[in-house]
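The values are calculated or read from the model by the stated rules, or taken from the named source; none is laboratory data. Owing to the predicted nature of the structure, the values given are computational and were not obtained by experimental measurement. No Cβ is skipped: glycine too gets one built from the backbone with ideal geometry, and neighbour counts run over all protein chains shown. Ligands, DNA and RNA are excluded from the accessible area calculation, which covers all protein heavy atoms including side chains. Shrake-Rupley method; radii C 1.70, N 1.55, O 1.52, S 1.80 Å.
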Amino acid sequence: MIELLLRGLLVLVELIAEVIVGYILYGTGWLVLRLLTLGRYPDLPLRVADPMGSRSAWIAVFGFLCLMSAALAWLTLSHG
């Protein structure tokens, strides 16, 4: 019974992580890169089937770095 509950919880965590990486991080990285390169890069569309594929994982990492930088900048500016 506990093993089944843990498996269900693991599936839920994987689903949440996939949504966060697939939509939020990839979308943020894609948008910032498009703005910085004036629409030239990335050549991939906004919605891809596998956001953690070999060609698109770096875009999600860039999105993560952008979101963390924005959070740290906000904390630095708001708390002096």
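Nothing charged except the Cβ atoms of Lys and Arg (+1) and of Asp and Glu (-1): what's the magnitude of the dipole of the chain about its Cα centre? Round to the nearest 20 debye.
Working: 5 positive and 5 negative charges, 60 e Å.
For this selection, approximately 280 debye.
What percentage of the solvent-accessible surface of the chain, computed with a 1.4 Å probe over protein heavy atoms, is contributed by carbon and sulfur atoms?
Result for the chain: 74 percent of the exposed heavy-atom area is carbon or sulfur.
Which of rounded, prolate or oblate describes the chain when judged by the alpha-carbon gyration tensor and an a/c cut-off of 1.5? Walk me through the intermediate numbers first.
Details: a/c = 4.06, a/b = 1.38, b/c = 2.94.
Cα axes put the chain in the oblate bin.
Of Leu38, Trp58, Leu75, whose Cα points farthest to the positive end of the dipole of the chain (charges on the beta-carbon: +1 Lys, Arg; -1 Asp, Glu; origin at the Cα centre)?
It is Leu38.
Per residue, how many Å² of accessible area does the chain show with a 1.4 Å probe? Kindly include the intermediate steps, with their values, before the conclusion.
On the way: 6330 Å² over 80 residues.
Heavy-atom accessible area per residue stands at 79 Å².
Could you go through region 8-19 in sequence order and give the Karplus-derived ³J(HN,Hα) for each residue, using 6.51 cos²θ - 1.76 cosθ + 1.60 with θ = phi - 60°, rounded to whole Hz, and x for Gly and Pro?
Along region 8-19, the couplings run x, 5, 5, 5, 5, 5, 5, 5, 5, 5, 5, 5 Hz.
With θ set to phi - 60°, apply the Karplus curve 6.51 cos²θ - 1.76 cosθ + 1.60 along region 26-37 and write out the HN-Hα couplings as whole Hz, x wherever there is a Gly or Pro.
Coupling constants for region 26-37: 5, x, 5, x, 4, 5, 5, 5, 4, 5, 5, 9 Hz.
To the nearest 0.05, how large is the calculated FRET efficiency for Arg47 and Trp74 if R₀ is 25 Å and r is the Cβ-Cβ distance? The partial results should precede the final answer.
Details: r = 28 Å, r/R0 = 1.13.
The value I calculate is 0.35.
Can you list which of the trypsin sites (Lys or Arg not before Pro) found in the chain are DSSP loop residues with at most 10 other C-beta atoms within 10 Å? Spell out each step's value before the answer.
Details: sites: Arg7, Arg34, Arg40, Arg47, Arg55; in loops: Arg40, Arg47, Arg55.
Answer in residue order: Arg40.
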